[in-house]
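Here the structure comes first, spelled out in structure tokens, and everything after it is commentary.
The values are calculated or read from the model by the stated rules, or taken from the named source; none is laboratory data. What you see is a predicted model, and the numbers here were worked out from it, not measured in a lab. Note that each Cβ is placed from the backbone with ideal geometry, even for glycine, and that neighbours are counted across all protein chains shown.
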2 protein chains.
Amino acid sequence: MNLIVLQETDFIDSTHVRLTGRRLEHITQVHRATPGQRMRVGLLNGKIGSGEITSFTDQQVELRVGLQDSPPPPLPLTVILALPRPKMLKRIIQHITALGVKKLVLLNSYRVEKSYWQTPWLEPDKLFEQCLLGLEQAVDTQMPEIILRKRFKPFVEDELPELTANSLKLVAHPVGGDACPVDIHKATTLAIGPEGGFIPYEVEKLQETGFHSVHLGARILRVETALPVLVSRLFPAR
Amino acid sequence: MNLIVLQETDFIDSTHVRLTGRRLEHITQVHRATPGQRMRVGLLNGKIGSGEITSFTDQQVELRVGLQDSPPPPLPLTVILALPRPKMLKRIIQHITALGVKKLVLLNSYRVEKSYWQTPWLEPDKLFEQCLLGLEQAVDTQMPEIILRKRFKPFVEDELPELTANSLKLVAHPVGGDACPVDIHKATTLAIGPEGGFIPYEVEKLQETGFHSVHLGARILRVETALPVLVSRLFPAR
């Protein structure tokens, strides 16, 4: 937790918050709270600044906060990701949030096992929780938007053209295509298949919508390794 | 398993191998083996080619193999990593191997908990196993070398100068320093601290040995996200 993320409901007046639970625990155990101590705080979807402990007990801690700095700029990147297995989903949501992606579509694909859609980790509060962990890690406050789409074809045909208008459209595919470009400076949509890749029909459907196949070289990487590699390659200086 | 990695002991004559256990399971369950079927195989620390199933039973599968292609080129990168917590260690070894790093030093640091050094995952056969998973994933055969160093100061003072001779020396540190360079074309040593970072004394010791502090921008990333981001940034076209 490199940032304590505040929500509107934490405020007891315009400049003071009262925290309990996981954040209290962090402040007492990691920061070893003492009155007057300062730490980095940020308002969810708002500004970042510092908080100073004014009082604390075993039950709660109060901080006086000042918020003046903007969060880091979002990446101009939408990620469309074939739904990963539940074990990986949590980590991937955290990675993606920490990297600064602000729009993520979790999409069905032929090689996505149907059972993956049943995981409780797809419930809105669970997704929110994992995003929050990513924001706390990366010192960011801007919650990403996550969209779930259980049907590939209607999504690609009906929604994707509008969603990706005016963006560079890339589909990461280990076989064929061009080397993934480096250091582009424009809005981008990046589609990433499941372990085993999109099937040819799916790649074709994406290509019909204007997507170009790109690869990362001879090595085939797991989705959770490929994702930061791709993001860093597209936007190295962010 | 995008590559079936063979070892010398698998060969029953100069062109045939006999496989059991995990690889047999993969061939029967994922490839749904049929005689004559071909798949990608590679010899540990050797060449890559294809194998053709000549016979199989519940107990074993035999393949005729031809090995003619070189594995992907190694990254000209040595990673020095503060020992991560055991839960992350396995994944990080796999990530690093899949990315093409061929030399990894796992080093103690002030913020590494002593108990981390007790994990069975540091035993040579366990490390080998995780590296093998990384090679199978990335379609590579060249086993990385992993060096364990439980004492920071003697390692940095006595071994590091020779280990890093003629390489660009970078220490990833979220605070201060320059932005991490992009697309360098030279041998590099990259030191990465534990969660919470190297302490100032450690950064100074590394700087005395010629290391430059670099950061990745405003976002603070977990080691397992930062690693692929750093590698991709230093060597985007690899």
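B:A218 - would you say it is in a helix (DSSP H, G or I), aliphatic (A, V, I, L, M) and within 14 Å of chain A (Cβ to nearest Cβ)?
Spelling it out, it is not the case that B:A218 is in a helix (DSSP H, G or I), aliphatic (A, V, I, L, M) and within 14 Å of chain A (Cβ to nearest Cβ).
Before we move on, is A:G197 at pLDDT 95 or above, in contact with a Pro (Cβ under 9 Å, 6 or more places away or on another chain) and assigned to a loop (DSSP other than H, G, I, E, B)?
In short, no.
From (1) within 13 Å of chain A (Cβ to nearest Cβ); (2) out of contact with any helix residue (DSSP H, G or I) (no Cβ under 6 Å at 6 or more places or on another chain); (3) without any contact (Cβ under 8 Å) to a residue 60 or more places away in the chain, pick out the condition that doesn't hold for B:Q142.
B:Q142 satisfies every listed condition except (3).
Results for (1) surrounded by 15 or more Cβ atoms within 10 Å (Cβ to Cβ); (2) under 30 Å from A:H185 (Cβ atoms); (3) away from chain B (no Cβ under 14 Å); (4) modelled with pLDDT of 95 or more, shown as yes or no for each residue.
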site	(1), (2), (3), (4)
A:M1	yes, no, no, no
A:E8	no, no, yes, yes
A:V30	no, no, no, no
A:T34	no, no, yes, no
A:N45	no, yes, yes, yes
A:F56	yes, no, yes, no
A:Q59	no, no, yes, no
A:L63	yes, no, yes, yes
A:P71	yes, yes, no, yes
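With the requirement that a residue be part of a loop (DSSP other than H, G, I, E, B) and either buried (at least 19 other Cβ atoms within 10 Å of the Cβ) or in contact with a Gly (Cβ under 8 Å, 6 or more places away or on another chain) (or both), what does the range A:10-19 give you?
A:T15
Restricting attention to the range A:82-109, and to residues there that are touching a Ser or Thr at 6+ places or on another chain (Cβ under 6 Å) and away from every other protein chain (no Cβ under 12 Å), which single residue is surrounded by the most Cβ atoms within 10 Å (Cβ to Cβ)?
Here the residue is A:A82.
Just to be sure, is A:V203 within 19 Å of A:M88 (Cβ to Cβ), touching a strand residue (DSSP E or B) at 6+ places or on another chain (Cβ under 8 Å) and part of a helix (DSSP H, G or I)?
no
Can you say whether A:E123 is closer than 22 Å to A:V5 by Cα, away from chain B (no Cβ under 13 Å) and within 10 Å of the chain's Cα centre (by Cα), as far as the supplied structure shows?
Answer is no for this residue.
Somewhere in the range B:115-126, is a residue surrounded by 16 or more Cβ atoms within 10 Å (Cβ to Cβ), touching a residue at least 60 places away in the same chain (Cβ under 8 Å) and under 20 Å from B:I192 (Cα atoms)?
Within the range B:115-126, none of the residues are surrounded by 16 or more Cβ atoms within 10 Å (Cβ to Cβ), touching a residue at least 60 places away in the same chain (Cβ under 8 Å) and under 20 Å from B:I192 (Cα atoms).
I'm told A:F155 meets every condition in (1) of a type outside the set (S, T, N, Q); (2) touching a Lys or Arg at 6+ places or on another chain (Cβ under 7 Å); (3) crowded, with 20+ Cβ neighbours inside 10 Å except one. Can you identify the failing condition by its number?
(3) is the only condition that A:F155 fails.
Looking only at the range A:167-198, count every residue that is within 14 Å of chain B (Cβ to nearest Cβ) and of a type in the set (D, E, K, R) and tell me the total.
3
Any residue at all in the range B:11-28 that is within 18 Å of B:L133 (Cβ to Cβ), modelled with pLDDT of 95 or more and within 14 Å of another protein chain (Cβ to nearest Cβ)?
Checking the range B:11-28: not a single residue is within 18 Å of B:L133 (Cβ to Cβ), modelled with pLDDT of 95 or more and within 14 Å of another protein chain (Cβ to nearest Cβ).
Specify the residue that is nearest to the chain's Cα centre (by Cα); the eligible residues are those in the range B:67-112 that are of a type in the set (D, E, K, R) and over 20 Å from B:E129 (Cα atoms).
Taking the candidates together, the pick is B:D69.
In the range B:158-170, which residues are surrounded by 12 or more Cβ atoms within 10 Å (Cβ to Cβ) and acidic (D, E)?
B:E159 - this is the single residue of the range B:158-170 that is surrounded by 12 or more Cβ atoms within 10 Å (Cβ to Cβ) and acidic (D, E).
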